[in-house]
Amino acid sequence: MITGKYPSLRLRRTRKQSWSRRLIQENTLTANDFILPVFLIDGSNKKQSISTMPGVYRYTINRLSQIIDKALKVGIPMVALFPKTKNSLKNEIGSESLNENNLVCKAILEIKKKYKNQIGIMCDVALDPYTSHGHDGLIKSNQIINDETIEVLINQSLLQAEMGCDVLAPSDMMDGRIGKIRKALDKSNYQDVQILSYAAKYASSFYGPFRDAVGSKGSLKGDKKTYQMDFKNSDEALREVALDIKEGADLVMVKPGMPYLDIIKSVKEKFKIPVFAYQVSGEYSLIDNAIQKKLVNEDIIYESLVGFKRAGANAIVSYYADRIDKIIK
């Protein structure tokens, strides 16, 4: 309800000076609002560019300090690890996900050894980086099977927790997996390990560059519409979030980000739980390519990120996170 009227009320009065605008601004960004995705590759002494994601790289384990040091210098609270698994290690059941010497496990151990608890580690709980078919779950009779997939996800979660992962992030969208993972963690004395549920993850066209980054793009057979959400639905997202909170999720994720600001806002208002947004690879690459082609200027980055905060996101997973100090300035 608006009180007052023009000309006695002039909203431009408080916008006239910079100091006044700063006093009344409703949302701000700091490094504390960000999670930095880090891509992993096998080998040694490699920092490998990703053609579809300008300015983003894959790192071998012995080069991880290069990006972790940068994240710490900027003030990022947490990194999210994503592996590019060799094709020779992939199979129908994604068994490499349970290998204690896989890329994610080795990265967790390396980061904890060098940095202790200076920075948090978030790990994806899903099978798509490890399956030869590129799906997040097991396949039987051309269907993604729910309950059998969860049993693998439980073991993957326990392994990552054992290695030292701080925040487990199930991104698979199988029904009931949060409750079963939480129960297994608690039973194994990992009560302090957090669960960040990808509670509202949509079957989106914005994931292309990420699938290229982790090497699943060429192998993906079909689509993920039978388990990821229909982007035409919003009420369904609230049901998904409600179930995951009831099952024990500490935090929830909405993915993708910018096309789903309404979902972020609805979830935050309805549940008052920490809500994270993922500015996914397609969003990042569209923005970055537009900047490079001088269609827009770099201010668009800051504007897009503030949009997440305005919608109610507590934190943002963004490929711009390692440059956030310059973006904010």
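Tabulated results
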read-out: Inter-residue pairs, beta-carbon under 6 Å, first without any contact (Cβ under 8 Å) to a residue 12 or more places away in the chain and in the range 60-72, second not aromatic (Phe, Trp, Tyr) and not in a helix (DSSP H, G or I), 6+ apart; value: none
read-out: Residues of the range 206-232 satisfying the condition of being at pLDDT 95 or above and either assigned to a strand (DSSP E or B) or exposed (fewer than 14 other Cβ atoms within 10 Å of the Cβ) (or both); value: 225, 226, 229, 230, 232
read-out: Whichever residue in the range 83-95 is surrounded by 21 or more Cβ atoms within 10 Å (Cβ to Cβ) and within 28 Å of residue 277 (Cα to Cα) and, among such residues, is farthest from the chain's Cα centre (by Cα); value: 94
read-out: Residue that is surrounded by the most Cβ atoms within 10 Å (Cβ to Cβ), among those in the range 252-281 that are of a type in the set (D, E, K, R) and within 22 Å of residue 324 (Cβ to Cβ); value: 255
read-out: Subset of the range 118-150 that is free of Cβ contacts under 8 Å to residues at least 12 places away in the same chain and on the phi < 0 side of the Ramachandran plot - its residue that is surrounded by the fewest Cβ atoms within 10 Å (Cβ to Cβ); value: 140
read-out: Hey, residue 69 outside any helix (DSSP H, G or I) and charged (D, E, K, R) or not; value: no
read-out: Selection status of residue 313, of a type outside the set (D, E, K, R), in a loop (DSSP other than H, G, I, E, B) and closer than 21 Å to residue 266 by Cα; value: yes
read-out: In the range 28-49, the residues that are surrounded by 10 or more Cβ atoms within 10 Å (Cβ to Cβ), outside any strand (DSSP E or B), at pLDDT 95 or above and not charged (D, E, K, R); value: 29, 30, 31, 32, 41, 43
read-out: Test result for residue 156, assigned to a helix (DSSP H, G or I) and touching a Gly at 6+ places or on another chain (Cβ under 9 Å); value: yes
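The values are calculated or read from the model by the stated rules, or taken from the named source; none is laboratory data. Everything numeric here is computed off the predicted structure, so don't read it as measured data. Cβ: placed from backbone, ideal geometry, glycine included. Neighbour counts: every protein chain shown.
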